[in-house]
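J.: Please see the structure below; I have some questions.
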Amino acid sequence: MKKRAVLIIHGFGGDEHEILYLHNYLEQNQVDSFWIRLTGHGENKESFSKATYQDWLNDVESKIKKLQKDYENITCIGFSMGGLLTIQLSEHYLIDQVVLCNTPIYLYNISVITSDLVQAIFAKHQEKRAYYFGSVRETSFKACFQFLTLLFSTKKKLKIGIKDDLKDNILILQNKRDETTYYKSATYIAKLCDFRVSLNLYNGGTHQLFLSENKENAAKDILKFITA
(Lines give C-alpha, C1' and ligand atoms only; values in the text may rest on other atoms or scores of the structure.)
Protein backbone atom coordinates (compact mmCIF):
# COMPACT_ATOMS: atom_id res chain seq x y z
CA MET A 1 0.00 0.00 0.00
CA LYS A 2 1.17 3.52 -0.81
CA LYS A 3 1.01 6.14 1.93
CA ARG A 4 -1.09 8.99 0.50
CA ALA A 5 -3.24 9.99 -2.46
CA VAL A 6 -4.47 13.51 -3.12
CA LEU A 7 -7.91 13.88 -4.72
CA ILE A 8 -8.79 17.28 -6.22
CA ILE A 9 -12.43 18.15 -6.95
CA HIS A 10 -13.38 21.03 -9.26
CA GLY A 11 -16.25 23.46 -8.85
CA PHE A 12 -19.83 23.97 -10.01
CA GLY A 13 -20.13 24.38 -13.77
CA GLY A 14 -16.39 23.96 -14.25
CA ASP A 15 -14.11 21.07 -15.06
CA GLU A 16 -10.56 19.88 -14.49
CA HIS A 17 -9.05 22.97 -16.14
CA GLU A 18 -9.89 24.87 -12.93
CA ILE A 19 -7.53 22.70 -10.90
CA LEU A 20 -4.93 21.38 -13.38
CA TYR A 21 -2.34 23.95 -12.25
CA LEU A 22 -2.48 22.52 -8.74
CA HIS A 23 -2.57 18.92 -9.96
CA ASN A 24 0.51 19.43 -12.14
CA TYR A 25 2.34 21.29 -9.37
CA LEU A 26 1.76 18.45 -6.91
CA GLU A 27 2.84 15.80 -9.41
CA GLN A 28 6.04 17.74 -10.10
CA ASN A 29 6.72 17.55 -6.37
CA GLN A 30 6.30 13.76 -6.23
CA VAL A 31 2.77 13.79 -4.81
CA ASP A 32 0.29 11.17 -6.09
CA SER A 33 -2.39 13.55 -7.30
CA PHE A 34 -5.74 12.64 -8.91
CA TRP A 35 -8.75 14.57 -10.18
CA ILE A 36 -12.24 13.70 -11.38
CA ARG A 37 -14.74 15.34 -13.69
CA LEU A 38 -18.16 15.57 -12.07
CA THR A 39 -21.25 14.27 -13.87
CA GLY A 40 -22.65 16.70 -16.44
CA HIS A 41 -19.66 19.03 -16.28
CA GLY A 42 -17.51 19.93 -19.26
CA GLU A 43 -20.17 18.68 -21.68
CA ASN A 44 -23.25 20.69 -22.64
CA LYS A 45 -26.05 22.58 -20.91
CA GLU A 46 -28.52 19.71 -21.36
CA SER A 47 -26.22 17.19 -19.67
CA PHE A 48 -25.46 19.67 -16.91
CA SER A 49 -29.19 20.20 -16.29
CA LYS A 50 -29.80 16.47 -15.83
CA ALA A 51 -27.11 16.01 -13.18
CA THR A 52 -27.98 16.03 -9.48
CA TYR A 53 -25.92 16.83 -6.42
CA GLN A 54 -26.24 13.15 -5.48
CA ASP A 55 -24.54 12.26 -8.77
CA TRP A 56 -21.65 14.53 -7.79
CA LEU A 57 -21.40 12.97 -4.33
CA ASN A 58 -21.44 9.52 -5.93
CA ASP A 59 -18.66 10.55 -8.33
CA VAL A 60 -16.38 11.52 -5.46
CA GLU A 61 -17.28 8.53 -3.32
CA SER A 62 -16.63 6.16 -6.22
CA LYS A 63 -13.16 7.65 -6.76
CA ILE A 64 -12.36 7.37 -3.05
CA LYS A 65 -13.31 3.68 -3.11
CA LYS A 66 -10.92 3.12 -6.02
CA LEU A 67 -8.09 4.95 -4.27
CA GLN A 68 -8.56 3.06 -1.02
CA LYS A 69 -7.42 -0.12 -2.77
CA ASP A 70 -3.92 1.33 -3.17
CA TYR A 71 -3.53 4.07 -0.52
CA GLU A 72 -3.57 4.22 3.27
CA ASN A 73 -4.74 7.85 3.48
CA ILE A 74 -6.40 10.47 1.29
CA THR A 75 -6.06 14.24 1.22
CA CYS A 76 -9.26 15.65 -0.26
CA ILE A 77 -8.92 19.07 -1.90
CA GLY A 78 -12.16 20.79 -2.88
CA PHE A 79 -12.30 23.92 -5.00
CA SER A 80 -15.54 25.94 -4.68
CA MET A 81 -18.43 23.42 -4.81
CA GLY A 82 -15.77 20.73 -4.62
CA GLY A 83 -15.22 21.94 -1.06
CA LEU A 84 -18.88 21.31 -0.25
CA LEU A 85 -18.58 17.77 -1.61
CA THR A 86 -15.39 17.30 0.42
CA ILE A 87 -17.17 18.35 3.64
CA GLN A 88 -20.04 15.99 2.88
CA LEU A 89 -17.67 13.02 2.51
CA SER A 90 -15.19 13.99 5.21
CA GLU A 91 -16.45 11.21 7.50
CA HIS A 92 -14.77 8.61 5.30
CA TYR A 93 -12.14 6.86 7.40
CA LEU A 94 -9.33 7.30 4.84
CA ILE A 95 -9.74 11.09 4.59
CA ASP A 96 -7.37 12.47 7.22
CA GLN A 97 -6.57 15.82 5.53
CA VAL A 98 -8.96 18.33 3.97
CA VAL A 99 -8.22 21.45 1.92
CA LEU A 100 -11.08 23.86 1.16
CA CYS A 101 -10.40 26.41 -1.58
CA ASN A 102 -12.80 29.34 -2.06
CA THR A 103 -15.56 27.12 -0.67
CA PRO A 104 -18.93 28.93 -0.54
CA ILE A 105 -21.07 29.41 2.51
CA TYR A 106 -22.04 33.00 1.69
CA LEU A 107 -22.54 33.61 -2.02
CA TYR A 108 -21.38 36.63 -4.02
CA ASN A 109 -19.36 39.69 -3.12
CA ILE A 110 -21.61 42.40 -4.55
CA SER A 111 -19.00 45.16 -4.41
CA VAL A 112 -16.54 43.07 -6.44
CA ILE A 113 -19.20 42.04 -8.96
CA THR A 114 -20.37 45.64 -9.39
CA SER A 115 -16.82 46.83 -9.98
CA ASP A 116 -16.18 44.04 -12.49
CA LEU A 117 -19.41 44.71 -14.39
CA VAL A 118 -18.61 48.42 -14.64
CA GLN A 119 -15.28 47.48 -16.22
CA ALA A 120 -16.93 44.91 -18.47
CA ILE A 121 -19.64 47.25 -19.76
CA PHE A 122 -18.17 50.74 -19.68
CA ALA A 123 -14.43 50.07 -19.94
CA LYS A 124 -15.09 47.23 -22.41
CA HIS A 125 -12.96 44.77 -20.43
CA GLN A 126 -13.41 41.78 -22.75
CA GLU A 127 -12.14 39.12 -20.34
CA LYS A 128 -14.52 40.15 -17.55
CA ARG A 129 -17.40 40.49 -19.99
CA ALA A 130 -16.82 36.98 -21.32
CA TYR A 131 -16.54 35.55 -17.81
CA TYR A 132 -19.78 36.98 -16.43
CA PHE A 133 -22.02 36.73 -19.47
CA GLY A 134 -20.62 33.31 -20.37
CA SER A 135 -21.49 32.02 -16.91
CA VAL A 136 -25.09 33.18 -17.26
CA ARG A 137 -25.51 31.46 -20.65
CA GLU A 138 -24.02 28.14 -19.57
CA THR A 139 -25.80 27.66 -16.22
CA SER A 140 -29.32 26.21 -15.99
CA PHE A 141 -31.93 26.76 -13.28
CA LYS A 142 -32.08 23.02 -12.55
CA ALA A 143 -28.33 22.85 -12.00
CA CYS A 144 -28.44 25.91 -9.73
CA PHE A 145 -31.19 24.27 -7.66
CA GLN A 146 -29.00 21.19 -7.20
CA PHE A 147 -26.07 23.36 -6.13
CA LEU A 148 -28.19 25.28 -3.61
CA THR A 149 -29.57 22.02 -2.20
CA LEU A 150 -26.01 20.81 -1.68
CA LEU A 151 -25.02 24.14 -0.11
CA PHE A 152 -27.87 24.10 2.43
CA SER A 153 -27.21 20.45 3.25
CA THR A 154 -23.53 21.20 3.85
CA LYS A 155 -24.35 24.12 6.16
CA LYS A 156 -26.45 21.74 8.25
CA LYS A 157 -23.63 19.20 8.34
CA LEU A 158 -21.13 21.85 9.46
CA LYS A 159 -23.43 22.90 12.30
CA ILE A 160 -23.75 19.28 13.43
CA GLY A 161 -19.97 19.12 13.39
CA ILE A 162 -16.91 17.84 11.54
CA LYS A 163 -15.31 14.78 13.14
CA ASP A 164 -13.09 15.99 15.94
CA ASP A 165 -9.81 14.40 14.87
CA LEU A 166 -10.06 16.07 11.45
CA LYS A 167 -10.37 19.66 12.70
CA ASP A 168 -6.60 20.01 13.25
CA ASN A 169 -5.98 18.76 9.70
CA ILE A 170 -8.03 21.22 7.66
CA LEU A 171 -6.53 23.97 5.51
CA ILE A 172 -8.83 26.75 4.27
CA LEU A 173 -7.69 29.01 1.43
CA GLN A 174 -9.67 32.05 0.31
CA ASN A 175 -9.13 34.99 -2.05
CA LYS A 176 -10.48 38.20 -0.53
CA ARG A 177 -11.55 39.52 -3.93
CA ASP A 178 -13.47 36.38 -4.83
CA GLU A 179 -16.59 37.52 -6.67
CA THR A 180 -18.55 34.26 -6.22
CA THR A 181 -17.68 33.12 -2.69
CA TYR A 182 -17.87 35.94 -0.16
CA TYR A 183 -14.59 35.69 1.70
CA LYS A 184 -16.24 35.56 5.14
CA SER A 185 -17.27 32.01 4.21
CA ALA A 186 -13.75 30.94 5.18
CA THR A 187 -13.95 32.36 8.71
CA TYR A 188 -17.45 30.90 9.12
CA ILE A 189 -16.14 27.40 8.44
CA ALA A 190 -13.11 28.00 10.67
CA LYS A 191 -15.37 29.11 13.54
CA LEU A 192 -17.51 25.98 13.27
CA CYS A 193 -14.28 23.95 13.48
CA ASP A 194 -13.36 25.75 16.72
CA PHE A 195 -10.64 27.71 14.87
CA ARG A 196 -8.41 24.64 14.99
CA VAL A 197 -7.99 24.79 11.22
CA SER A 198 -5.24 26.54 9.26
CA LEU A 199 -6.70 29.60 7.52
CA ASN A 200 -4.99 31.55 4.72
CA LEU A 201 -6.67 34.66 3.30
CA TYR A 202 -5.03 36.07 0.16
CA ASN A 203 -5.35 39.68 -0.94
CA GLY A 204 -6.81 40.18 -4.40
CA GLY A 205 -7.43 37.20 -6.64
CA THR A 206 -10.68 35.95 -8.14
CA HIS A 207 -12.93 32.97 -7.55
CA GLN A 208 -10.73 30.90 -9.85
CA LEU A 209 -7.96 30.45 -7.29
CA PHE A 210 -5.75 28.28 -9.49
CA LEU A 211 -6.18 30.47 -12.57
CA SER A 212 -5.45 33.83 -10.95
CA GLU A 213 -2.68 35.77 -9.26
CA ASN A 214 -2.48 33.76 -6.02
CA LYS A 215 -2.24 30.31 -7.63
CA GLU A 216 1.48 29.87 -6.91
CA ASN A 217 1.14 30.80 -3.24
CA ALA A 218 -1.91 28.56 -2.89
CA ALA A 219 -0.15 25.58 -4.47
CA LYS A 220 2.91 26.06 -2.23
CA ASP A 221 0.74 26.33 0.88
CA ILE A 222 -1.12 23.16 -0.03
CA LEU A 223 2.09 21.22 -0.66
CA LYS A 224 3.49 22.38 2.68
CA PHE A 225 0.28 21.34 4.43
CA ILE A 226 0.23 17.89 2.83
CA THR A 227 3.87 17.07 3.49
CA ALA A 228 4.25 18.61 6.99
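The values are calculated or read from the model by the stated rules, or taken from the named source; none is laboratory data. Computed from a predicted structure; not experimentally measured. Don't worry about glycine lacking a Cβ; one is built from the backbone with ideal geometry, like all the others, and counts go over all protein chains shown. The protein model used for the area step is the full one, side chains on, heavy atoms only, and it has no ligands, DNA or RNA in it. Shrake-Rupley method; radii C 1.70, N 1.55, O 1.52, S 1.80 Å.
J.: So how much slack lies between T114 and S49, counting 0.36 nm per residue of separation and subtracting their Cα-Cα distance, in nm?
T.: Full-extension gain reported as 20.6 nm.
J.: So how much accessible area does D168 have, in Å² to the nearest 10, using a 1.4 Å probe?
T.: For D168, solvent-accessible area is about 90 Å².
J.: Over the chain, what is the percentage of antiparallel beta bridges among all DSSP beta bridges, to the nearest 5?
T.: On the way: 1 of 27 bridges.
Rounded to the nearest five, the antiparallel share is 5 percent.
J.: Work out the FRET efficiency for D168 and K220 from their Cβ-Cβ distance, taking R0 = 30 Å, and round it to the nearest 0.05.
T.: The value I calculate is 0.90.
J.: With a cut-off of 8 Å between alpha carbons and a minimum separation of six or more residues, what is the relative contact order of the chain in percent?
T.: 22
J.: How big is the accessible area of K65 in square angstrom, nearest 10, if you roll a 1.4 angstrom probe over the protein chains?
T.: Using a 1.4 Å probe on the heavy atoms, I get roughly 110 Å².
J.: With a 1.4 Å probe and all protein chains in place, put C76, C144 in order of accessible area, largest first.
T.: Numbers: C76 0, C144 50 Å².
Result of the area sort, largest leading: C144, C76.
J.: How big is the gap, in Å, between the Cα center of the range 181-228 and the Cα center of the range 1-55?
T.: For the range 181-228 versus the range 1-55, the Cα centre distance is 18 Å.
J.: Using a Cα-Cα cut-off of under 13 Å, which aspartates and glutamates could be cross-linked to K220, ignoring same-chain neighbours fewer than 8 residues away?
T.: Correct list for K220: E27.
J.: Straight-line reach from K69: which lysines have Cα under 20 Å away, leaving out those fewer than 8 places along the same chain?
T.: Straight-distance partners of K69: K2, K3.
J.: Picking from T75, T206, T149, which is most flexible by a Gaussian network model of the chain using Cα springs under 10 Å?
T.: So, out of T75, T206, T149, the one fluctuating most is T149.
J.: Let me ask something additional. Order F12, F145, F210 by their accessible area, 1.4 angstrom probe, all chains in place, largest first.
T.: From most exposed to least exposed: F145, F12, F210.
J.: Run the helix sum for the chain: -39,500 (n - 2.57) per DSSP H stretch of 4+ residues, divided by residue count, reported at 222 nm to the nearest 500 deg cm²/dmol.
T.: Helices in the chain give a 222 nm mean residue ellipticity of -14000 deg cm²/dmol.
J.: Which pairs in the list K156/K184; K65/K215; K184/K215; K159/K191; K65/K163 are over 22 Å apart, alpha-carbon to alpha-carbon? Show your work: numbers first, answer last.
T.: Details: K156/K184 17 Å; K65/K215 29 Å; K184/K215 20 Å; K159/K191 10 Å; K65/K163 20 Å.
Over 22 Å Cα-Cα: K65/K215.
J.: A follow-up question, please. K157: which aspartates and glutamates have alpha carbons under 12 Å from its alpha carbon, excluding same-chain residues fewer than 8 sequence positions away?
T.: Straight-distance partners of K157: E91.
J.: Also: Running a GNM on the chain with Cα contacts under 10 Å, which residue among G161, G14, G82 ends up with the highest mean-square fluctuation?
T.: G161
J.: Excluding T86 itself, calculate the net charge of residues whose Cβ lies under 15 Å from the Cβ of T86, where each Lys or Arg counts +1 and each Asp or Glu counts -1.
T.: 0
J.: Now a separate question. Of the accessible area of the range 4-227, with the probe set at 1.4 angstrom, what percent is carbon plus sulfur? Spell out each step's value before the answer.
T.: On the way: 5540 of 10660 Å².
So the carbon and sulfur contribution to the accessible surface is 52 percent.
J.: Here is a follow-up. At 0.36 nm per residue, minus the direct Cα-Cα distance, what do K156 and Q28 gain on full extension? Give it in nm, one decimal, please.
T.: 42.3 nm is the gain from fully extending K156 to Q28.
J.: Using only protein heavy atoms and a 1.4 Å probe, report how much of S62 is accessible, in Å² to the nearest 10.
T.: 50
J.: Determine the per residue accessible area of the range 4-227 with all protein chains present and a 1.4 angstrom probe, expressed in square angstrom.
T.: Numbers: 10660 Å² over 224 residues.
Heavy-atom accessible area per residue stands at 48 Å².
J.: Taking R0 as 30 Å, what's the FRET efficiency between S62 and D194 from their Cβ-Cβ distance, rounded to 0.05? Before the final figure, lay out each step's value.
T.: Values: r = 32 Å, r/R0 = 1.05.
Plugging the Cβ-Cβ distance into 1/(1 + (r/R0)^6) gives 0.45.
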